[in-house]
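Heads up: the structure comes next, in structure tokens.
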Amino acid sequence: MIPKINTLNEITKTGVVAVIRAETAEEAEKIADACLKGGISAVEITFTVPGASRVLESLRERFAGKSLILGAGTVLDSETARIAILSGAEYIVSPSFDRDTAKLCNRYQIPYMPGCMTITEIVQAMEAGADIIKVFPGSAFGPDYIKAIKGPLPQAVLMPTGGVSLENVQQWIKNGCVAVGVGGDLTGGAKTGNYALVEETAGKFVEQVRIARAK
């Protein structure tokens, strides 16, 4: 298992997490492969995918020894988190904050990224040891909301998911996010089997993050 600090460093270095909602393990593998080729090493398999734990196991075996950082998303409770970790997940992402999941992830030294929107939720998650706060849904307020959070909570480590596109990703980063989570805007090409487009789009997202950080 990769040490927790290494996982967090790799995610923040690239600055993009690919959110994968695939129908099959084969499709998930192809998307993950395309993202990796495009420069995104962190992929998140959501537990809305049928047989998500088996998809995680398949990806862990398929990419053994490679630089893929495998995470599980849409994790609602500690029971699902433990299944995901045993299946190979190296970080856990939730649409909401759950204290028992935070406790379990801390116990096994697995990064936890709960979805929060209000200042109260964010503070509660930080107090429970959440490593990165997933600002969700990001589309509700947009990039300017990050500056509003950073006013009273400059120490908050933030990553939006939802509402992140090639057009606004620079603004999210410049406003103080350490990374962004991207789903359909990144993986849309997979719906028509165009994995080359997924790879190309991944490269564009990585480049936009790099440009934003250089400014």
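The values are calculated or read from the model by the stated rules, or taken from the named source; none is laboratory data. None of these values were measured; they are calculated from a predicted model. Cβ atoms come from the backbone with ideal geometry, glycine included; neighbour counts cover every protein chain shown. The accessibility values were calculated without ligands, DNA or RNA, using every heavy atom of the protein model including side chains. Shrake-Rupley method; radii C 1.70, N 1.55, O 1.52, S 1.80 Å.
Quick rundown of the values:
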| quantity | calculated |
| --- | --- |
| Percent breakdown of C-alpha pair distances by 5 Å bin, ordered from the shortest bin, for the chain | 1, 8, 17, 20, 22, 17, 10, 4, 0 |
| Principal semi-axes in Å for region 1-99 [√(5λ), Cα gyration tensor, largest first] | 18, 16, 12 |
| Dmax and Rg, reported as Rg then Dmax, of region 128-215 (C-alpha, Å) | 13.7, 45 |
| Potential extension, residue 109-residue 166 segment - 0.36 nm per residue separation minus Cα distance | 17.3 nm |
| Kyte-Doolittle mean at least -0.5, axial Cα span of 27 Å or more - DSSP H helices of the chain | 195-214 |
| Region 151-200 - accessible surface per residue (Å², probe 1.4 Å) | 42 |
| Distance between region 91-153 and region 157-176 - C-alpha centres, whole angstrom | 15 |
| Relative contact order for the chain, counting Cα pairs under 8 Å that sit 6 or more residues apart, in percent | 21 |
| Sum of -39500 (n - 2.57) over DSSP H runs of 4+, divided by residues of the chain (222 nm, nearest 500) | -13500 deg cm²/dmol |
| Accessible surface of the chain [probe 1.4 Å, protein heavy atoms]: carbon and sulfur percent | 51 |
| Region 1-120 - accessible surface per residue (Å², probe 1.4 Å) | 42 |
| At most 11 other Cβ within 10 Å, DSSP loop - chymotrypsin sites (Phe, Trp or Tyr not before Pro), region 111-199 | none |
| At 1.567 mPa s and 4 °C, Stokes diffusion of region 62-129 via Kirkwood alpha-carbon radius, µm² per second | 106 |
| Measure of compaction for region 4-49 (Cα Rg per 2.2 N^0.38 Å) | 1.18 |
